[in-house]
Amino acid sequence: LSSRDRDTSLPGRRSSGRSNGALAPAPGQCEWLSGVETLTEAYLIRGEQAAQGNDIRFLFADDASPTMPGRRSDGSVILDYRDALEIGRRAAAALAARGVERGDKVLIVLSTGPGFLAAFMGCQILGAVPVPAVPPFSLRTIDEYVARIARLAANAHAVAVVTMEQLVPVFKVARSAS
């Protein structure tokens, strides 16, 4: 949010008295980053700062990816800003290597987790536009899902899809249906 969009009446926030309407954090809360207008800018600034130690910014209860940084023995994944920035940069490089450019729309069909965060941030870092979509919950309504996802991809003019391996056949069918 830009400073003009922030609501000074949010619980736990108090006005800083600055004329630009920016808010000061309540005691024990994080600070607003001055001049930051996007989530990507916040990641870039926080990720480039000194290591944050045990400063957990993202906690995912379960993730199937054994190579994700911050993976713990119980299957959960903990990422700080530096980790999030690193996986976002890797995703941006992977997207660029596959021809995605600034302004392109990328359909992201992943469940919420580190992979989704990586793809979403990768798009933002690259300057592409992430188009998130929910993966199917079951195969009972797969025909409806294929039709809906094909319409979404066509309407968004998506040039790429980031999804899980199990859904690749679904997207091949969706591509042929459009």
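Miscellaneous remarks
- Restricting the first member to the stretch 89-100 and to residues that are more than 15 Å from residue 40 (Cβ to Cβ), and the second to residues that are open to solvent by 60 Å² or more (accessible area, probe 1.4 Å), the beta-carbon pairs closer than 9 Å and six or more apart or on different chains are 99/159; 100/159.
- Residue match in the stretch 160-168 (condition: at pLDDT 90 or above, open to solvent by less than 40 Å² (accessible area, probe 1.4 Å), of a type in the set (Gly, Ala, Ser) and touching a helix residue (DSSP H, G or I) at 6+ places or on another chain (Cβ under 8 Å)): yes
- In the set (1) part of a helix (DSSP H, G or I); (2) surrounded by fewer than 18 Cβ atoms within 10 Å (Cβ to Cβ), residue 124 fails one condition alone, (2).
- Residues within the stretch 121-178 that are of a type in the set (Val, Ile, Thr) and in contact with a Gly (Cβ under 9 Å, 6 or more places away or on another chain), tallied: 4
- Selection status of residue 103, out of contact with any Pro (no Cβ under 6 Å at 6 or more places or on another chain), open to solvent by 20 Å² or more (accessible area, probe 1.4 Å), touching a residue at least 40 places away in the same chain (Cβ under 8 Å) and not in a helix (DSSP H, G or I): no
- Close pairs (6 angstrom Cβ cut-off, 6 or more residues apart or separate chains): more than 23 Å from residue 120 (Cα to Cα) in the stretch 131-159, in a strand (DSSP E or B) and at pLDDT below 85 anywhere: none
- When residue 152 is tested against (1) aliphatic (A, V, I, L, M); (2) part of a helix (DSSP H, G or I); (3) crowded, with 20+ Cβ neighbours inside 10 Å, exactly one condition is not met: (3).
- Answer from 176, 111, 138 - the residue that is exposed (fewer than 15 other Cβ atoms within 10 Å of the Cβ), part of a helix (DSSP H, G or I) and hydroxyl-bearing (Ser, Thr, Tyr): 176
- Of all the criteria given as (1) under 19 Å from the mean Cα position of the chain (by Cα); (2) over 24 Å from residue 88 (Cβ atoms), the one not satisfied by residue 130 is (2).
The values are calculated or read from the model by the stated rules, or taken from the named source; none is laboratory data. The structure presented is a predicted model; accordingly, all values stated were derived computationally and were not measured. So basically every Cβ, Gly included, is an ideal-geometry build from the backbone, and we count neighbours across all protein chains shown. Surface accessibility is based on the protein's heavy atoms, side chains included, excluding ligands, DNA and RNA. Shrake-Rupley method; radii C 1.70, N 1.55, O 1.52, S 1.80 Å.
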